[in-house]
Every structure is written in C-alpha cells, then in structure tokens.
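Below is one structure, written out as structure tokens, with a few remarks after it.
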Amino acid sequence: MQAPLYQVKAEFFRMLGHPVRIRVLELLQNGPVSVRDLLVDIDVEPSNLSQQLAVLRRSGIVVSTREGATVNYALAGGDVAELLRAARRILTELLAGQSALLAELQHSEHLEHPGQSEHPQRSAAPSPR
C-alpha cells in the first residue's frame, strides 16, 4: 500500500528541515558548486557537509558529478529554487506582520503609560541591615 500524499509531503519537508541542507540548496540555485566551495561558504566540518549532501542526493533533490578530483553538486530541477523563493516570500510576509504587531504593541504601551521609558530601570533592592 502506498503512503498518503500528505505523508510523503511531510517526509519531503522533514528532509529539508536542516539548516545546512537549506544553505546548500540556496548556494546551488545559481548553478553547480564544488564541495570545496561549499565548505568555504558553509561553516561546518567536512564530514557533516558530506552527510547532509548524501541526504539531499538520496532524496533526488541534488545530483553530483565528478570532474577529476573535484565533485560538483547541482539542483536536480528548477522547482527546488522556486520552492526556496516561495519560502523567502512567505517568511518576509510573516516577519513584516510581526514587525507591524510589535510597532502596534509599542505604540499602545506608550499611549497607556505616557512618559515612561520603554525599559524602566529597576531600583536596587534595599540592603539588609
């Protein structure tokens, strides 16, 4: 029996759920990149990068090619780059909404307590005698 589509989608997003994997995918958006260059751009141990690249390769989201001693990685298709752009748009909207909410909260705090600073200083506790 085949897994339901929602479960397959969840597995896909779980596979993407690692910061190093996301960074690799971002770097591959502009074309193939060598492992050596990925290591320069991503501050991780070579063994960690190798592990994350293997996950991406097994999932079919990236492909690797060897040119002599150099191994290059590339996105398997353009849809991954589009997914990353969509995620960036969604996050931009969410963060903009949070900024607007924060500004509204700060404004309402100022209206409720005019003359108070944003972060009032705490008075020192009296010293025991």
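The values are calculated or read from the model by the stated rules, or taken from the named source; none is laboratory data. Just so you know, these numbers come straight off a predicted model, no measurement behind them. FYI the Cβ positions are ideal-geometry reconstructions off the backbone, even for glycines, and counts take in every protein chain you see. Note: areas computed on protein heavy atoms with side chains; ligands, DNA, RNA excluded. Shrake-Rupley method; radii C 1.70, N 1.55, O 1.52, S 1.80 Å.
Tabulated data
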item: Cβ-placed point charges (K, R +1; D, E -1), dipole of the chain about Cα centre in debye, nearest 20; result: 440
item: Correct option for Rg/Rh (Cα atoms, Kirkwood Rh) [calculated from the coordinates] among (1) 1.26; (2) 1.09; (3) 0.95; result: (1)
item: Kyte-Doolittle mean at least -1.0, axial Cα span of 15 Å or more - DSSP H helices of the chain; result: 5-16, 46-59, 78-112
item: Percent accessible area from carbon and sulfur atoms, the chain, protein chains only, probe 1.4 Å; result: 56
item: Simple Cβ-charge dipole of region 11-66, Lys/Arg +1 and Asp/Glu -1, about Cα centre, in debye nearest 20; result: 240
item: Residue-averaged 222 nm ellipticity for the chain, from DSSP H runs of 4+ at -39500 (n - 2.57), nearest 500; result: -20000 deg cm²/dmol
item: Shape category assigned to region 44-85 from the gyration tensor of Cα positions, a/c cut at 1.5; result: oblate
item: Contact order relative to length of region 2-95, as percent, for alpha carbon pairs under 8 angstrom and 6 or more apart; result: 28
